[in-house]
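See below for the structure under consideration.
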Amino acid sequence: MSLVLDAAAQDLLFREARTANTFSDEPVTEEQVQAIYDLVKFGPTAFNQTPLRITLVRSAEARERLVKHMAEGNQAKTAAAPLVAILAADNEFHEELPQLLPHFPQAKDMFFAERPVREQSALVNATLQAAYFIMGVRAAGLAAGPMTGLDFAGVQKEFLDGDHTPLMVINIGKPGDDAWFPRSPRLEFDQVITTV
C-alpha cells in the first residue's frame, strides 16, 4: 500500500464517512469537542495563523435563533442535531501572531497591517481549519453535516460581530435513521492531477 494510515482509519475519515442528514439523540459532550479541537489544532496554516472561531450552539433559545437563518432545507436537521457549530473567520487573527509565531513576531505588522489582506488570509486559512475540524469530528466517531445554505449576514448579526465572517454551520452527532443520501460521484485522478 502507498498509504501509511491503516484501511480502517482511511474508511473512517474518507471512504465510509458521509455528510449526515439525520442524527440520533445521543449528546455530543464538551469533552468530545475538546478532544476534537486538541487534535485538529495541529493542522498546518500559513504563518501558523489560527483564524478559525467556533461557536457551539447548545441552548434551545440559541438554536431557535440560528434555525431561522438556515435555508429551508437545512432547518429541520439543524433543529434536531445534538450539537451545531457556527464556524467563522476572525479577521483580527493577526493580533495572536506574536504568540503563534514567536520566531517572527514582526509578521503581524509586516504582512497583515491592512484589513483586506487579513480578510483574504483569514478566509483561506479558517476554511482550511474548518476542513480539519470536519475530519476531527469524523476521527471522534461522529458525523458532520456541513452547510453553507444559510443567511450569512443574518448569522453574523445574530451570533458574531464585524470582525468575524461566518463560513458555515455544521451539525454534529451520531448518525440517525436514513442519515445518508446516495454518495455523489467524485472526479478521477486524471481529471484533477496535472504534472508539468
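Scanning the stretch 90-107 for residues that are over 20 Å from Gly162 (Cα atoms), part of a helix (DSSP H, G or I) and free of Cβ contacts under 8 Å to residues at least 24 places away in the same chain, we see that the one that is least open to solvent (accessible area, probe 1.4 Å) is Pro98. Of all the residues in the stretch 8-34, those that are out of contact with any helix residue (DSSP H, G or I) (no Cβ under 8 Å at 6 or more places or on another chain) and in a helix (DSSP H, G or I) number 11.
For the stretch 157-182, the set of residues classified as open to solvent by 100 Å² or more (accessible area, probe 1.4 Å) and not acidic (Asp, Glu) consists of Lys157, Trp180, Phe181, Pro182, listed by residue number. Within the stretch 44-73, if we keep just the residues that are open to solvent by 50 Å² or more (accessible area, probe 1.4 Å), part of a strand (DSSP E or B) and of a type in the set (A, V, I, L, M), the residue that is farthest from Leu128 (Cα to Cα) turns out to be Leu56. Only one entry in Ala8, Ala79 is farther than 30 Å from Phe112 by Cβ, without any contact (Cβ under 8 Å) to a residue 40 or more places away in the chain and surrounded by 11 or more Cβ atoms within 10 Å (Cβ to Cβ), namely Ala79. Any residue at all in the stretch 114-122 that's open to solvent by 30 Å² or more (accessible area, probe 1.4 Å), in contact with a helix residue (DSSP H, G or I) (Cβ under 6 Å, 6 or more places away or on another chain) and in contact (Cβ under 8 Å) with a residue 12 or more places away in the chain? Checking the stretch 114-122: not a single residue is open to solvent by 30 Å² or more (accessible area, probe 1.4 Å), in contact with a helix residue (DSSP H, G or I) (Cβ under 6 Å, 6 or more places away or on another chain) and in contact (Cβ under 8 Å) with a residue 12 or more places away in the chain.
The values are calculated or read from the model by the stated rules, or taken from the named source; none is laboratory data. Just so you know, these numbers come straight off a predicted model, no measurement behind them. Note that we place each Cβ from the backbone using ideal geometry, even for glycine, and neighbour counts take in every protein chain shown. What goes into the accessible areas is simple: the full protein's heavy atoms, side chains included, and nothing from ligands, DNA or RNA. Shrake-Rupley method; radii C 1.70, N 1.55, O 1.52, S 1.80 Å.
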